[in-house]
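Enquirer: Pasting a structure here, questions to come.
We did not get these values from a lab; they are worked out from the coordinates using the rules stated. Quick caveat: nothing in here was measured; it's all calculated off a predicted structure.
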């Protein structure tokens, strides 16, 4: 309780640093449900994204395009078990639980690295691009997976009894794996944030619906989320 009071006071006194937070409800096909909270802040022309749920905390640092520069996954005991960092054309990733580490050269240098799928799509959503290729690091194998997110048009969806316009986009794996997995996103056309996601969170996981439930703070505090 004391910890959250300190966080609240810090954010209140430093609203120029704190941008906003997003709350989501995730519901599986077996009707299991959990909450996910994301916090966003701008630091030295970079975006800091912090994800919290029952599994622990994940911290991501991206550039203005949402492309990851560094990240850490922490368990509920605050121990880092999966991390990665980018240095020009090289990335280094490690998973301490699997006792694996890998260095990889990526080409081109400006290739998009979208590690938290969906939350990194804000620049793509606000851009005039119809599709965008990027790579994602599998936390278990540390393999780099090439993926594509493609806009399919606009739709109106109902969230908490309110009809909202959304950019509908499909996410797919590239190459021969394309037929085996897809995810569907509905993105806000004004800010690029996720309104709804339907799909799985990886091999062997259940189909899940993730839907926004609350926005705290002003999204436009951070220029990256403005057209």
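Enquirer: Could you work out the helix-only [θ] at 222 nm for the chain, with each DSSP H run of four or more residues adding -39,500 (n - 2.57) and the total divided by the number of residues, to the nearest 500 deg cm²/dmol?
Expert: Taking each H run of at least 4 residues, the total per residue is -2000 deg cm²/dmol.
Enquirer: When the chain is treated as a GNM, springs tying every alpha-carbon pair under 10 Å, which of 72, 122, 201 comes out with the largest mean-square fluctuation?
Expert: Ranking 72, 122, 201 by mean-square fluctuation puts 201 first.
Enquirer: Where is the GNM fluctuation largest for the chain (alpha-carbon springs, 10 angstrom cutoff): 180, 134, 156?
Expert: Comparing 180, 134, 156 in the GNM, the peak value goes to 180.
Enquirer: What number, in percent, do you get for the relative contact order of the chain if the mean sequence gap of Cα pairs under 8 Å and at least 6 apart is divided by its residue count?
Expert: Details: 497 pairs, mean separation 38.5, N = 227.
Relative contact order of the chain: 17 percent.
Enquirer: Most fluctuating residue of 155, 131, 44 in a GNM of the chain with Cα springs under 10 Å: which is it?
Expert: 44
Enquirer: Taking the Cα centre of each part, how many Å lie between the range 183-221 and the range 41-95?
Expert: 18 Å
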